[in-house]
Amino acid sequence: GPLRLGGGVGPSDAGAMGAAAAQCGRCSSEEQKLTAYADDLAKDEAVLETGPDQPLCKPGPSPAVSTTAASFASSQRSCRPSAIVARGTGGQRRAVSIDLAPAETPPLSPASSYVRSSRGKDPTKFRSAPAVADQPLSGKEHFRQSVRAVNAAVRLNKLLGQSRVDVPPMKCAISIEKLNEFNVHAQEVMGKDYPAATFRDVISAMIQPVCDGSGKAYARTLNEDKPRFGQVFVCHAWDQRLCDFVDSVNHTFRHWTMKPNLWISAFALFQTRRRTPCSRPLDAPFAAALKSAKAILVIHSKEVDIYKRLWPLWEMYLASKFGLLEQKGGLLVGGPPLAAAVVDASAAAASDAEESRAIMRAIEDEAGGFSAVNDVARRIQSAPR
């Protein structure tokens with residue numbers, strides 16, 4: 001049904017809006033005329049004493065809003081729109097129907113004072129105008145209420161036209177600066193537990209609650225829903241301490257003048273306590289991010305041997321399959337140096353038993369199977385630092 005804004009806005013006000021919008025020379029469509037009219041009304045705060053042939057707007061180079069008091073008053077007899085249509089974002093037309101007045105409104109006196117707009121008032125707060133059945137409204141009050149109606153329509157159409165932003169996981173990388181800001185925030189939140197806090201601890205304490213509350217990946221909150229591609233895919237174990245992880249990242253890129261964006265699964269994927277295990281590792285969201293990355297950064301840890309974790313081994317193998325390891329600068333290794341150890345993907349573990357079985361099946365379906373994964377891991381293990 002129609003959306004009512006104020007109870008005392010008369011049909012003459014509708015005429016003023018129609019006449020002013022029709023004379024807007026800067027706009028090429030009805031919604032642009034309406035928006036320009038509302039914007040122009042919001043620029044000034046002046047009461048103009050007018051006569052029948054005096055313009056209602058100050059003289060100036062812009063012909064955006066210019067009509068006469070006579071036409072403003074006479075328009076009440078011929079113009080009474082029932083809807084204002086505006087185009088919202090996202091390419092879809094949205095309409096707000098506004099019943100501007102009761103059936104009958106006293107006529108306006110041409111020689112009246114008109115107010116342009118009130119600067120500084122919150123446009124989201126509306127008050128019902130006084131009823132006009134018993135007490136006629138002055139031209140000044142009619143014009144004020146017209147302004148409120150127009151500004152309300154423009155604002156509501158913008159709100160209705162806003163579409164939900166959808167940023168896929170592969171575009172949820174974060175900058176090193178954002179990572180460092182998060183690390184400082186983690187120190188404040190975790191307190192005395194921070195020095196020993198692993199990535200898994202931080203995900204449970206900080207990232208999951210935000211994801212559950214917002215319904216989106218944590219990186220989207222950090223980036224304010226702006227898409228960000230990752231130049232470097234970060235491969236690491238979640239049982240590594242967060243402080244060691246951040247130190248390793250900063251040390252790796254300490255000499256880079258242009259810091260890359262990092263794709264980190266904890267931030268880029270939607271973390272929730274009600275998560276569904278990944279059943280198709282080859283088609284997982286991180287695989288698309290890895291395929292579009294320019295390099296992979298494998299971070300060693302003192303707490304856990306990354307070459308005994310199934311997910312990191314699968315990520316290393318896919319990096320080789322997508323050709324990253326053959327590119328110049330495609331392989332980066334960070335963290336403390338580790339002594340060479342036996343690599344056996346068939347004995348590697350994952351935190352989720354169902355995901356572990358899914359990765360095992362995916363490895364078996366690949367040419368070379370576990371031997372191919374082991375060869376890639378050994379190559380990265382012995383890569384120069």
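The values are calculated or read from the model by the stated rules, or taken from the named source; none is laboratory data. Keep in mind that what you see is a predicted model, and the values were worked out from it rather than measured. Virtual Cβ from ideal backbone geometry, glycine too; neighbours counted across all protein chains shown. What goes into the accessible areas is simple: the full protein's heavy atoms, side chains included, and nothing from ligands, DNA or RNA. Shrake-Rupley method; radii C 1.70, N 1.55, O 1.52, S 1.80 Å.
Scanning the range 261-295 for residues that are closer than 21 Å to Gly213 by Cα and either touching an Asp or Glu at 6+ places or on another chain (Cβ under 6 Å) or among the charged types (D, E, K, R) (or both) yields Thr272, Arg273, Arg274, Arg275, Pro277. Give the residue that is farthest from Leu297 (Cα to Cα), with candidates limited to residues of the range 186-232 that are basic (Lys, Arg), open to solvent by 40 Å² or more (accessible area, probe 1.4 Å) and not in a strand (DSSP E or B). Applying the filter and picking the extreme gives Lys192.
Is there a residue being over 12 Å from Val373 (Cα atoms), charged (D, E, K, R) and assigned to a helix (DSSP H, G or I) anywhere in the range 339-354? Yes, that holds for at least one residue. All of (1) crowded, with 22+ Cβ neighbours inside 10 Å; (2) under 16 Å from Ala377 (Cβ atoms) hold for Val249 with one exception: (2).
With respect to the conditions (1) more than 27 Å from the chain's Cα centre (by Cα); (2) touching a residue at least 24 places away in the same chain (Cβ under 8 Å), Thr272 falls short on a single one, namely (1).
Please work out which one of (1) among the aromatic types (Phe, Trp, Tyr); (2) in a loop (DSSP other than H, G, I, E, B); (3) buried (at least 19 other Cβ atoms within 10 Å of the Cβ) is the condition Trp256 fails and give its number. Going through (1) among the aromatic types (Phe, Trp, Tyr); (2) in a loop (DSSP other than H, G, I, E, B); (3) buried (at least 19 other Cβ atoms within 10 Å of the Cβ) one by one, Trp256 breaks only (3).
Residue-wise test of (1) touching a residue at least 12 places away in the same chain (Cβ under 8 Å); (2) surrounded by 13 or more Cβ atoms within 10 Å (Cβ to Cβ).
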| residue | (1), (2) |
| --- | --- |
| Gly323 | no, no |
| Glu326 | no, no |
| Pro337 | yes, no |
| Ala347 | yes, no |
| Glu355 | yes, yes |
| Ala362 | yes, yes |
| Arg385 | yes, no |
